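Encoded as structure tokens, the structure appears first; notes follow it.
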Amino acid sequence: MDPNKFKVNANFRQLQGSGLTFWLSLLLIVSLLTTVGLGWVVQWFVIVLVSLPVLAIVAVLGLQWWLRRKLIQDRCPVCQFEFVGIRDATLTCPSCGETLQVVDDHFERSTPSGTIDVQATDVSVKTLDSSVIPNQSNQSPPSSQANNSE
């Protein structure tokens, strides 16, 4: 049997002890803190532990309030893609790549000065029947008819 292994096992058994040693040690530390006048340290520790969850809840609610105030959801005026942007900021449409600005809670195109923005108009196209158009293959050019008559 290895003598070093026995020393490790003996030390481990000493550390395990009974639950009584833990509670006695905790009672000794608390009584020492209150006797010396360091009870404020314990109170401060309890206050910090209680206030951490409260601060976390306040931080989450504050972030939600800020997001509702700062974010705008609208459609791109060019491609009609709906997305979210930050109020009073210049951004790019993720669908078409157009540079946009948020003005009065709506997205507007951001054009450089001197640019003329033109609205396109849809023009409908009519198809002509082949019976209305004279057949070009049956007619010969007038110059060739004049040459043939001589």
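The values are calculated or read from the model by the stated rules, or taken from the named source; none is laboratory data. As the structure is a computational prediction, the values presented were derived from the model and not from experiment. Using ideal geometry, Cβ is built from the backbone for each residue, glycine included, and neighbour counts are taken over all protein chains shown. Note: accessible area is taken over every heavy atom of the protein model, side chains too, but ligands, DNA and RNA are not part of it. Shrake-Rupley method; radii C 1.70, N 1.55, O 1.52, S 1.80 Å.
With a simple spin-label model that places each label point 7 Å from the Cα along the Cα-to-Cβ direction, the separation between Glu82 and Thr35 comes to 7.1 nm.
Subtracting the Cα-Cα distance of Thr90 and Thr127 from 0.36 nm times their residue separation leaves 8.8 nm of extension gain.
Counting 0.36 nm for each residue step from Leu55 to Thr111 and taking away their Cα separation leaves a gain of 15.7 nm.
With a 1.4 Å probe rolled over the protein heavy atoms of all chains, the accessible area of Arg109, Arg68 falls in the order Arg68, Arg109, largest first.
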